[in-house]
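A short worksheet on the structure shown next.
The values are calculated or read from the model by the stated rules, or taken from the named source; none is laboratory data. Keep in mind it's a predicted model, so treat the numbers as computed, not measured. Here the Cβ positions follow ideal geometry from the backbone for every residue, glycine too, while neighbour counts run over all protein chains shown. Accessible surface is based on the protein model in full, side chains and every heavy atom, while ligands, DNA and RNA are left aside. Shrake-Rupley method; radii C 1.70, N 1.55, O 1.52, S 1.80 Å.
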Amino acid sequence: MKGLSPLCLLGALLVLLLGCQPHRPGGRLVVATSARVGSVDPVRASTFGATQLLSAVGDPLYRLAADGAVLPALAAELPRVSPDGLTVTIPLRRDVLFHDGTPFDAAAMVFSLERFLEIGTLSYLLNERLAAVRAAGPHLLELRLKRPTTVLPQLLSTINITPVSPRAYRDYGERALSDRFVGTGPYRLSFFSDQQQRLEPFDRYWGTPPRNDGIVLISLGNSTALYGAMRSGEVDVLLSTGLHEDHQQALQQQAGKGELREGLGPALEIGYLTLHTRQPPFNDPDLRQALAHSLDRERISERVSQGLRSPLRNLVPPAVSGAKRQIWPAYAPDKARRLFRQAGYCEGRQMELPLTFRSNIPSDRLMVLTWQAQLARDLGDCIVLQPNGMESTTVYRQLGEGAFPAVMLDWRGAVRDPEAYLFPLLSCSESVGDHCLQGESALSGSFWTAPGLQEDLLRSEGLVGSERLELLQAIERRTAAAAPYLPLWLVTPRAWAQRRLAPPRFDGNGRLLLQDLQLLP
Amino acid sequence: MSRRRALARYLAARLALVPVMLLLIASLVFLLLRVAPGDPVDAVLGTRAPEAARAALRSQLGLDQPLLLQYGHFLLNLLRGDLGESLNSQEPVSRIIGQSLPASLELGLTALLLAAVLGLAVGFSGIARPEGKLDLAGRLYGIGTYALPPFWAAMVVQLIFAVWLGWLPVGGRFPATLLPPQGSGFYLLDSLLSGLGGGNWQQLGGAVRHLVLPACTLALLLSGIFTNALRLNLRRALASDYVEAARSRGLSETRVVLRHALPNALLPVLTITGITVASLIGGALLIEVTYSWPGIAFRLQEAIGQRDYPLVQGIVVVVAALVVLVSVTVDILVAVLDPRIRF
């Protein structure tokens, strides 16, 4: 009987612990991601977690609908552009209050924009285009541009330029206010730590009020914890960022059975391979084509993500360009073999391809291993892939130094426009023939350009409408023919909610609409 | 020289070495960070930022200055007790450490306490019949728990008790639905005080529920060290002359073990406890990551990934200082307690 005492004690403790489950108050919902938020100041926010939080506590001048349409938010209407394209006036809403009760006006917008331009981590997004900003009237904002900019409304939908209360940020003109936020959004930030943020509905919000009684955003450090928290009901809504593919697959299956509700956002993130075109072997365009033909995207996507990632043969995601046709060379092992043969491989000579991947990103590793097996099966006598894992920070540092013959990366445009996908990969300020010496193309590790390509990119900035889109599509087709990059797949943001909630919805920038989350009646 | 004077000299020598060791560690981490590939500017701006923006940020962060100058600033600020600001959040490093160190200490000390109780109990249990079944089980337990891969054990425990059974939270330090208690940063203590003061025991329940899984997992992994240490030292003590002498005086076996063998066997365990505490302060990384426990090791891992130089340097210096402090304290304790120690 003596031995039972510790067991009884343990049992009592267990009952006590289980009985101590905290009650969940009213309609406050717990939303989980893997993203920790280091700073809630718009001038510092550059991570997914920070921008997701900001999108709930702040408003941009314009917002993007799920289909990418630009809609006024704090702006009263779309921008008015002068005939020379260099002056833009934006009428602002008059019924907006900051969370501290002060009114929002043009002066507050100027304060916030100038603060962002001065100390913003991502200020270069605007600095490249914006010459000056001023209040042309109490509720009229005027922007002077350095050059005509077609993507201005999309740029002004960036949550980083959400206005902040000049009164609350008076002492923070030159430094960040990381743990508080006073903006105009549908929620007030009532508690902030890097692992948890609490949002309360702002009862004087100018727009549609939130459909829930508040949100608690939490971050959990790994995929198993996130998945487990969703399964055990600890969290109400789970975002796919940071979730491993198998966990996403399991949640998708549960949603298919009606146990969870799934919401999908616009697929704006691409996965792609960069080939170093200034040095052998990929200075040979035929070998780049051969590699492009040897990539079985459907099979790889199926094996790596069980179809959650869509195979992609464009650099610009279809959700951005609206294009239906895929333009990169399709999987054709016969064509690949012919091209490898022409280059002197396959007949007793294998091409050794060192492929660098980011070892801290599980899908990269799976992709490389799957492709390695696929190549061994289809073209084993021509090419052998040598995986080379490296921590992502190291990869990024060495990319522009031309350290990698082939490397797997991903990219998400800063704005929802083809320009945001083509310029960062193709711009080149100094070149010799097809080789880029200075510029984005060199920084991205491909070092590829073509005569007249940079001029076409710059010319596209002065165009509008279909003429501009056609030029950008022509640039993309030209890139596809040279294949310095091999697009691989599209990543669709997803969210899952418990059954008692309505399906989650995303905005046009791929962020979850927290104010739309609601319990079903 | 009297024992007291010798002890004082020993103490002074140990303490005099502390700043030298800290300087060496601080210099080493400064140098290693700069030699390691990767750039904090990339971590903040991403790889596609224009060169002008990168240069501006580099200048803003002081990374464009000569390395020697950066090192000089670092040491000067360190002497003033200023650990700088995080490159990413611009928060003072001391504040970040102040927030995450209590989390690590709370987890580490709770785990250590549980590990000591469990490990010593298992180690002691087999002593009545050496090489008996209980002794063998204790030996296997000691080896098995010591050899368990921490991340695997943590994940299995998490899957069973949090995901499948749903008894305890999957991760984090506090329930999402409650506001964390204010005070020292030690949630157990703060929520206990809040409960005693205002009768709100929900916070304490939440803090305990979140602590149980990571602390028990860590305790399980550490307990084997105590088991093995106690078993070996107790057996050695029981075979020693002074124990034989005690037995020959007709003392009962219980008295021989408890009064004569155990205190002597526990002295080496004290040293091991010191080493374990030291390694726990910065070493519970896998447990912290698996359970999303916002401790110092979790922070360090994140800061290394972001190449947040001041934060990494600050954490390493503070952890090193604590490790040195604990080691010196244990050395002194052992020296005071064990008359056989010569200086």
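Listed conditions (1) within 10 Å of chain A (Cβ to nearest Cβ); (2) crowded, with 20+ Cβ neighbours inside 10 Å are all met by residue B:104, apart from (1). Taken together, the criteria place residue B:52 among residues that are loosely packed, with under 15 Cβ neighbours inside 10 Å and within 11 Å of another protein chain (Cβ to nearest Cβ).
If the condition is being closer than 20 Å to residue A:184 by Cα and buried (at least 21 other Cβ atoms within 10 Å of the Cβ), then region A:112-132 contributes A:112, A:113, A:115, A:116, A:120.
The residues listed here are B:280, B:179, B:213; of these, the one that is open to solvent by 20 Å² or more (accessible area, probe 1.4 Å) and hydrophobic (A, V, I, L, M, F, W, C) is B:179. Of all residues in region B:286-301, those satisfying the criterion of being crowded, with 19+ Cβ neighbours inside 10 Å and either within 10 Å of another protein chain (Cβ to nearest Cβ) or modelled with pLDDT under 80 (or both) are B:288, B:289, B:290, B:291, B:292, B:293, B:294, B:298, B:299. Based on what the data block shows, is residue B:274 open to solvent by less than 10 Å² (accessible area, probe 1.4 Å), within 14 Å of chain A (Cβ to nearest Cβ), touching a residue at least 12 places away in the same chain (Cβ under 8 Å) and not hydrophobic (A, V, I, L, M, F, W, C)? Taking the combined requirement at face value, the residue does not satisfy it. Going residue by residue through region B:185-196, is there one that turns out to be surrounded by fewer than 21 Cβ atoms within 10 Å (Cβ to Cβ) and polar (S, T, N, Q)? Yes, that holds for at least one residue.
One line per residue, one yes/no per condition, for (1) away from chain B (no Cβ under 13 Å); (2) closer than 30 Å to residue A:452 by Cα; (3) among the polar types (S, T, N, Q):
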| residue | (1), (2), (3) |
| --- | --- |
| A:366 | yes, no, no |
| A:378 | yes, no, no |
| A:401 | no, yes, no |
| A:424 | no, yes, no |
| A:432 | yes, yes, no |
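Restricting attention to region A:83-111, the residues being open to solvent by less than 20 Å² (accessible area, probe 1.4 Å), at pLDDT 95 or above and small (Gly, Ala, Ser) number 2.
Would you check if there is a residue in region A:451-474 being over 21 Å from residue A:326 (Cα atoms), in a helix (DSSP H, G or I), of a type in the set (S, T, N, Q) and open to solvent by less than 10 Å² (accessible area, probe 1.4 Å)? Yes, region A:451-474 has at least one match.
The lone criterion from (1) under 25 Å from residue A:281 (Cβ atoms); (2) at pLDDT 90 or above; (3) in contact with a helix residue (DSSP H, G or I) (Cβ under 6 Å, 6 or more places away or on another chain) left unmet by residue A:468 is number (1). Condition first: touching a residue at least 24 places away in the same chain (Cβ under 8 Å), in a helix (DSSP H, G or I), in contact with a Phe, Trp or Tyr (Cβ under 9 Å, 6 or more places away or on another chain) and surrounded by fewer than 20 Cβ atoms within 10 Å (Cβ to Cβ). Can you find one or more residues in region B:320-331 that meet it? Yes, some residue in region B:320-331 is touching a residue at least 24 places away in the same chain (Cβ under 8 Å), in a helix (DSSP H, G or I), in contact with a Phe, Trp or Tyr (Cβ under 9 Å, 6 or more places away or on another chain) and surrounded by fewer than 20 Cβ atoms within 10 Å (Cβ to Cβ). Per the conditions (1) open to solvent by 10 Å² or more (accessible area, probe 1.4 Å); (2) in contact with a helix residue (DSSP H, G or I) (Cβ under 7 Å, 6 or more places away or on another chain); (3) in a helix (DSSP H, G or I); (4) in contact (Cβ under 8 Å) with a residue 60 or more places away in the chain, the sole criterion not satisfied by residue A:329 is (3). If I filter region B:32-48 for residues that are more than 11 Å from chain A (Cβ to nearest Cβ) and buried (at least 16 other Cβ atoms within 10 Å of the Cβ), do I get at least one hit? Scanning region B:32-48 turns up at least one residue that is more than 11 Å from chain A (Cβ to nearest Cβ) and buried (at least 16 other Cβ atoms within 10 Å of the Cβ). Among the residues making up region B:60-97, those that are open to solvent by 60 Å² or more (accessible area, probe 1.4 Å), part of a helix (DSSP H, G or I) and within 14 Å of chain A (Cβ to nearest Cβ) are B:60, B:95. Checked against the criterion of being crowded, with 18+ Cβ neighbours inside 10 Å, more than 14 Å from chain A (Cβ to nearest Cβ) and hydrophobic (A, V, I, L, M, F, W, C), the candidates B:16, B:26 yield just one match: B:26.
Whenever a residue of region A:384-398 is among the β-branched types (Val, Ile, Thr), its partners that are modelled with pLDDT of 95 or more and buried (at least 17 other Cβ atoms within 10 Å of the Cβ), lying with C-beta atoms within less than 7 angstrom and at least six residues away or across chains, give the pairs A:395/A:356; A:395/A:407.
Exactly one residue out of B:207, B:239 is crowded, with 22+ Cβ neighbours inside 10 Å and small (Gly, Ala, Ser), and it is B:207. Exactly one residue out of A:348, A:389, A:344 is modelled with pLDDT under 95, under 26 Å from residue A:492 (Cα atoms) and not in a helix (DSSP H, G or I), and it is A:389.
For region A:239-265: of the residues being under 22 Å from residue A:64 (Cα atoms) and open to solvent by less than 20 Å² (accessible area, probe 1.4 Å), which is nearest to the other protein chains (Cβ to nearest Cβ)? The residue in question is A:239.
Summed over region B:114-146, residues that are without any contact (Cβ under 8 Å) to a residue 60 or more places away in the chain and either open to solvent by 30 Å² or more (accessible area, probe 1.4 Å) or in a helix (DSSP H, G or I) (or both) total 11.
Screening residue A:75 against (1) touching a residue at least 12 places away in the same chain (Cβ under 8 Å); (2) open to solvent by 10 Å² or more (accessible area, probe 1.4 Å); (3) farther than 30 Å from residue A:223 by Cα leaves a single unmet condition, (2). Yes or no: residue B:203 touching a Ser or Thr at 6+ places or on another chain (Cβ under 6 Å), within 11 Å of chain A (Cβ to nearest Cβ) and of a type in the set (S, T, N, Q)? For residue B:203, the condition - touching a Ser or Thr at 6+ places or on another chain (Cβ under 6 Å), within 11 Å of chain A (Cβ to nearest Cβ) and of a type in the set (S, T, N, Q) - is met. Within region A:399-441, being without any contact (Cβ under 8 Å) to a residue 12 or more places away in the chain and in contact with a Leu (Cβ under 8 Å, 6 or more places away or on another chain) holds for one residue alone: A:430. With respect to residue B:220, determine if the residue is under 30 Å from residue B:268 (Cβ atoms), open to solvent by 50 Å² or more (accessible area, probe 1.4 Å), more than 11 Å from every other protein chain (Cβ to nearest Cβ) and out of contact with any helix residue (DSSP H, G or I) (no Cβ under 9 Å at 6 or more places or on another chain). Spelling it out, it is not the case that residue B:220 is under 30 Å from residue B:268 (Cβ atoms), open to solvent by 50 Å² or more (accessible area, probe 1.4 Å), more than 11 Å from every other protein chain (Cβ to nearest Cβ) and out of contact with any helix residue (DSSP H, G or I) (no Cβ under 9 Å at 6 or more places or on another chain).
To keep it simple, each residue is scored yes or no on (1) outside any loop (DSSP other than H, G, I, E, B); (2) farther than 23 Å from residue A:238 by Cα; (3) touching a helix residue (DSSP H, G or I) at 6+ places or on another chain (Cβ under 7 Å).
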| residue | (1), (2), (3) |
| --- | --- |
| A:166 | no, yes, yes |
| A:171 | yes, yes, no |
| A:174 | no, yes, yes |
| A:178 | no, yes, no |
| A:190 | yes, no, no |
| A:199 | yes, no, yes |
| A:207 | no, yes, no |
| A:213 | no, no, no |
| A:217 | yes, no, yes |
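Within region B:171-194, the set of residues being within 22 Å of residue B:114 (Cβ to Cβ) and small (Gly, Ala, Ser) comprises B:171, B:172, B:184, B:185, B:191.
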